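S.K.: Have a look at this one.
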């Protein structure tokens, strides 16, 4: 019964990964004797909804490490959706989030508004897309945890797993130094040249904004305009817990002004602190891992809709119903360990922002902050016990530098992953032609695309056309804390469904047994009687 319930709960969490990319598309295979920067392309129709576009599906062969003349070659997929216009403006190259996620699985609803005037191009992320994938099953397994996920035993196990994965990949012939953001940029440059574009626009999200920023530093003459959504400046792969705490307090202030929800908790911050300081260890026959709940809490705070569900679960727990926390703890095991290509994440993050002199445990988990920064601790603390052996980026690229590229920074005011103030303080002062637009009460990338999508698309299309983002459609959008189906409700409904299904199965089984007995009993009696008569 417990396994059945876990399956039902997993289905309810599956909305985490819903998308509509082109993952089912096939890319041509590079020839066995292909040389560096050679490519193969197949032109086929491409559908976005009911619209049809011409598209080029390609594979380019590139060195694994351009810094080594004898480097082996790897292949990277790329995709170009051709604009409807006969004379399109500069193409837009997309750089999605991560690191550790594919760049070939965009939700094409995002790009559709640009395709009237621009080709849209995606180049696979080396380490995730293409011929070499930095899979780390050792890390995936270790991320399930040993006891408390954020306890030292788990941290040591994860650290050993990082080392074991790196050693195995190296023994397989993988040059980890070839999987930096600089190599990603050069992959895009190889495709740009192959497609014969002189200058391009960039559209980047989250991790992709760091790649876009470095792209502008390395090849400013090739970038026309760069729009960054959910901005990650240099140094900010490492989150800071006090920024997170300030955002929670901002949410609490918004909560107190909402008369409909304020009756559930007079002080949202106090509610969360109470639950985090006295986390229950079980609900019914399900255990609750405090570390997993903290990590899932942080991840769900990225977006306004899921943040409201987090607050709903914590309020229920304060009132004696930890079912929502149990669901969050269980969801962690099914979602987070396998959601990333961990070797790619390590390569990009460690080479850019890891500081071996920092002790990430107390910094990510300060005693005066109940939530701290659980995801930061999970990712950075284990490197005290293990390592990902990779060259760091040049120091000049690990710090902000002045850029003249026309750049738009699009941020959400309650983005826990890439806080707006990081873009404002750490990057905007270095952009001679930079502008920032902050959308009210929006979280990370998906909020910026979908909470008021027409506004975002208008801002972006006007920026690409004129260099000036048109914000005339922008208006204050208050936070909506209402939750129709919260985690406590989902958990209890799932238990109820499993109970009803279980009772139904038991009823059917009893009916079959009784029917079988009714059919067998007369025959058995008859046989027994006949046997007695024959004996006598």
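S.K.: Can you name every residue in the stretch 97-114 that is within 20 Å of residue 455 (Cα to Cα), surrounded by 17 or more Cβ atoms within 10 Å (Cβ to Cβ) and in contact with a helix residue (DSSP H, G or I) (Cβ under 9 Å, 6 or more places away or on another chain)?
M.R.: Hits for the stretch 97-114 are 110, 114.
S.K.: Can you pull out every residue in the stretch 247-299 that is without any contact (Cβ under 8 Å) to a residue 12 or more places away in the chain and either under 18 Å from residue 481 (Cα atoms) or part of a helix (DSSP H, G or I) (or both)?
M.R.: Listed by number, the residues that qualify are 253, 257, 259, 262, 263, 266, 270.
S.K.: From the list 289, 344, 312, which one is in contact with a strand residue (DSSP E or B) (Cβ under 9 Å, 6 or more places away or on another chain) and either modelled with pLDDT of 95 or more or crowded, with 19+ Cβ neighbours inside 10 Å (or both)?
M.R.: 344
S.K.: Further question: Could you list, in sequence order, all residues of the stretch 449-480 that are more than 23 Å from the chain's Cα centre (by Cα) and either crowded, with 17+ Cβ neighbours inside 10 Å or not in a loop (DSSP other than H, G, I, E, B) (or both)?
M.R.: Of everything in the stretch 449-480, those that are more than 23 Å from the chain's Cα centre (by Cα) and either crowded, with 17+ Cβ neighbours inside 10 Å or not in a loop (DSSP other than H, G, I, E, B) (or both) turn out to be 454, 455, 458, 459, 461, 462, 463, 464, 465, 466, 469, 474.
S.K.: Please go through the stretch 27-55 and pick out each residue that is in contact with a strand residue (DSSP E or B) (Cβ under 6 Å, 6 or more places away or on another chain), within 23 Å of residue 84 (Cα to Cα) and assigned to a loop (DSSP other than H, G, I, E, B).
M.R.: Result: 27, single match.
S.K.: May I pose another question? Suppose we filter the stretch 458-484 for residues that are under 21 Å from residue 213 (Cα atoms) and in contact with a helix residue (DSSP H, G or I) (Cβ under 8 Å, 6 or more places away or on another chain); how many remain?
M.R.: Qualifying residue count for the region: 5.
S.K.: Would you tally the residues in the stretch 416-445 being touching a strand residue (DSSP E or B) at 6+ places or on another chain (Cβ under 9 Å) and not in a loop (DSSP other than H, G, I, E, B)?
M.R.: Counting residues in the stretch 416-445 that are touching a strand residue (DSSP E or B) at 6+ places or on another chain (Cβ under 9 Å) and not in a loop (DSSP other than H, G, I, E, B) gives 16.
S.K.: Checking residue 326 against (1) touching a strand residue (DSSP E or B) at 6+ places or on another chain (Cβ under 9 Å); (2) in a loop (DSSP other than H, G, I, E, B), which single condition isn't satisfied?
M.R.: Of (1) touching a strand residue (DSSP E or B) at 6+ places or on another chain (Cβ under 9 Å); (2) in a loop (DSSP other than H, G, I, E, B), only one is false for residue 326: (2).
S.K.: Conditions first: (1) surrounded by 15 or more Cβ atoms within 10 Å (Cβ to Cβ); (2) touching a strand residue (DSSP E or B) at 6+ places or on another chain (Cβ under 7 Å). Residue 397 passes all but one, so which condition is the exception?
M.R.: For residue 397, the failing item is (2).
S.K.: A follow-up question, please. Quick one: is residue 329 without any contact (Cβ under 8 Å) to a residue 12 or more places away in the chain and under 17 Å from residue 375 (Cα atoms)?
M.R.: no
Condition check ((1) at positive phi; (2) in contact with a strand residue (DSSP E or B) (Cβ under 6 Å, 6 or more places away or on another chain); (3) modelled with pLDDT of 95 or more) across all residues:
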| position | (1), (2), (3) |
| --- | --- |
| 189 | no, no, yes |
| 203 | no, yes, yes |
| 212 | no, yes, yes |
| 258 | no, no, no |
| 266 | no, no, no |
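S.K.: Hey, any hits in the stretch 25-41 for a residue that's surrounded by fewer than 18 Cβ atoms within 10 Å (Cβ to Cβ), modelled with pLDDT under 95 and under 26 Å from the mean Cα position of the chain (by Cα)?
M.R.: Within the stretch 25-41, one or more residues are surrounded by fewer than 18 Cβ atoms within 10 Å (Cβ to Cβ), modelled with pLDDT under 95 and under 26 Å from the mean Cα position of the chain (by Cα).
The values are calculated or read from the model by the stated rules, or taken from the named source; none is laboratory data. The structure displayed is predicted, hence computed values, not measured ones. Ideal geometry is used to build each Cβ from the backbone, glycine not excepted, and the neighbour counts take in all protein chains shown.
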